[in-house]
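The structure appears below as structure tokens.
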């Protein structure tokens, strides 16, 4: 067990979610944008339209700065935030998929070299060679998605890996192919939004109109196909995840996804009909709407994993709820219930390891930090604040709170309480103090 990273008002998970949502924009943008670039460049050569190359240069420079500077920084941010937010979870993923990530990093190196080679060889190599560089770049970038989706899919549906311990049983789980295809089509829509934004800065009106109309068509196709694939993906989700979508996920998140799809479709249709009327401001608004849709989608993906950080293995509070014998990993709940969470966690202050009448509330707060703070804040305001939750439940007596803690395992989105009877009493004492 590791120290707890307490983030007042937000929780560590929300910090990670903000970084991850922003990272999706530059990472998915890059993959779709390179296929768009290669398409436009091929058209420019075949139809002898060198004026189209002006757009490709501007778009590629934007990708170089946005996707590889900001995108790389947020990628590092995800690793840093995940490491402190849930170190045991990220450790479990690394030990399971270290070769998967190593493979992804190889293709990421191809990406990094490819973006510089593609941009800086404009006009310095022949057309055929430059297109080959573009194709290598585009395929290499997409291959990083092929690999990383397997790990992302595992975090929602682990497949048969808990029983077999086999890498590919978890990697190619039931949600892998629909998620890969869904993300692939939607990345074309993301690339189209930014292509239109870049096109607004072009001086050649003919080129601007062509790029805007072409990008709009890519966007319409990506949205429609992505939406159809989403329904396939939703059918492959585990029953527990599907149930949480209906009972636990806020309606506002689901509504905003629908609003985003409708607004983006209208935007693309309008851009296709009247391409030259799209200025920079509406293009920026479209990007903001897109960000909101991605945020809602990623929040839902995180929520449907509850009560786990890795399904059928580790709870969101980093306690191993189910063993994986094939990996030599044992469940921890029984041991924690016998000797106590305060003795299992090495970073608990020495004077709080043994619960007394004097330190009961402080010991209860430490237990709440360990077992609850991944999803709840302990202060009055913020994300699912514990004081407000206790007021909502309306339980003010110690015995009633202890009885409530015994029922946590009956809530599909919450881990069961783990600890001794004395620790349960200390946690109840702390929760009652919040209600007062």
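The values are calculated or read from the model by the stated rules, or taken from the named source; none is laboratory data. The model shown is predicted, which means the values in this text are computed figures rather than measured ones. All Cβ positions, glycine included, derive from the backbone under ideal geometry; neighbour counts span all protein chains shown.
Can you find a residue in the range 163-178 that is over 30 Å from residue 64 (Cα atoms), in the same structural domain as residue 98 (by TED's automatic domain parsing), touching a strand residue (DSSP E or B) at 6+ places or on another chain (Cβ under 7 Å) and touching a residue at least 60 places away in the same chain (Cβ under 8 Å)?
Taking every residue of the range 163-178 in turn, at least one turns out to be over 30 Å from residue 64 (Cα atoms), in the same structural domain as residue 98 (by TED's automatic domain parsing), touching a strand residue (DSSP E or B) at 6+ places or on another chain (Cβ under 7 Å) and touching a residue at least 60 places away in the same chain (Cβ under 8 Å).
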Worksheet item: What number goes with the only condition from (1) exposed (fewer than 15 other Cβ atoms within 10 Å of the Cβ); (2) under 21 Å from residue 248 (Cβ atoms); (3) in contact with a helix residue (DSSP H, G or I) (Cβ under 6 Å, 6 or more places away or on another chain) that residue 390 does not pass?
Response: (1)
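Going by what's in this entry, would residue 212 be described as touching a helix residue (DSSP H, G or I) at 6+ places or on another chain (Cβ under 6 Å), surrounded by 14 or more Cβ atoms within 10 Å (Cβ to Cβ), touching a residue at least 60 places away in the same chain (Cβ under 8 Å) and under 26 Å from residue 39 (Cα atoms)?
Numbers: touching a helix residue (DSSP H, G or I) at 6+ places or on another chain (Cβ under 6 Å): yes; surrounded by 14 or more Cβ atoms within 10 Å (Cβ to Cβ): yes; touching a residue at least 60 places away in the same chain (Cβ under 8 Å): yes; under 26 Å from residue 39 (Cα atoms): yes.
The answer is yes for residue 212.
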Fill in: Single match in 188, 116 (criterion: in the same structural domain as residue 91 (by TED's automatic domain parsing), under 22 Å from the mean Cα position of the chain (by Cα), more than 22 Å from residue 307 (Cα to Cα) and part of a helix (DSSP H, G or I))
188
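Considering 31, 90, 110, 94, which residue is under 30 Å from residue 200 (Cβ atoms) and under 30 Å from the mean Cα position of the chain (by Cα)? I'd like the intermediate steps shown before the answer.
On the way: 90 fails: under 30 Å from residue 200 (Cβ atoms); 110 fails: under 30 Å from residue 200 (Cβ atoms); 94 fails: under 30 Å from residue 200 (Cβ atoms).
Step by step, each of 31, 90, 110, 94 is checked, and only 31 is under 30 Å from residue 200 (Cβ atoms) and under 30 Å from the mean Cα position of the chain (by Cα).
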Fill in: Hey, residue 228 assigned to a helix (DSSP H, G or I) and in the same structural domain as residue 263 (by TED's automatic domain parsing) or not
yes
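Any idea which of 259, 211, 151, 220 is at pLDDT below 95 and in the same structural domain as residue 35 (by TED's automatic domain parsing)? Walk me through how you get there before you give the answer.
Details: 259 fails: at pLDDT below 95; 211 fails: at pLDDT below 95; 220 fails: at pLDDT below 95.
None of the other options fit; the residue is 151.
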Practice prompt. Give the residues of the range 273-285 that are within 11 Å of residue 196 (Cβ to Cβ), in contact (Cβ under 8 Å) with a residue 60 or more places away in the chain and in contact with a helix residue (DSSP H, G or I) (Cβ under 9 Å, 6 or more places away or on another chain), sorted by residue number.
Written response: 275, 278, 280, 283, 284
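How many residues are assigned to a loop (DSSP other than H, G, I, E, B) and surrounded by 19 or more Cβ atoms within 10 Å (Cβ to Cβ) when one looks only at the range 8-49?
Step one: of the range 8-49, the residues assigned to a loop (DSSP other than H, G, I, E, B) are 8-11, 47-49.
Adding the requirement that they be surrounded by 19 or more Cβ atoms within 10 Å (Cβ to Cβ) leaves 11.
Of the residues in that region, 1 qualify.
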Discussion item. Taking the condition of being within 26 Å of residue 357 (Cβ to Cβ) and without any contact (Cβ under 8 Å) to a residue 24 or more places away in the chain, how many residues in the range 409-428 meet it?
Written reply: 2
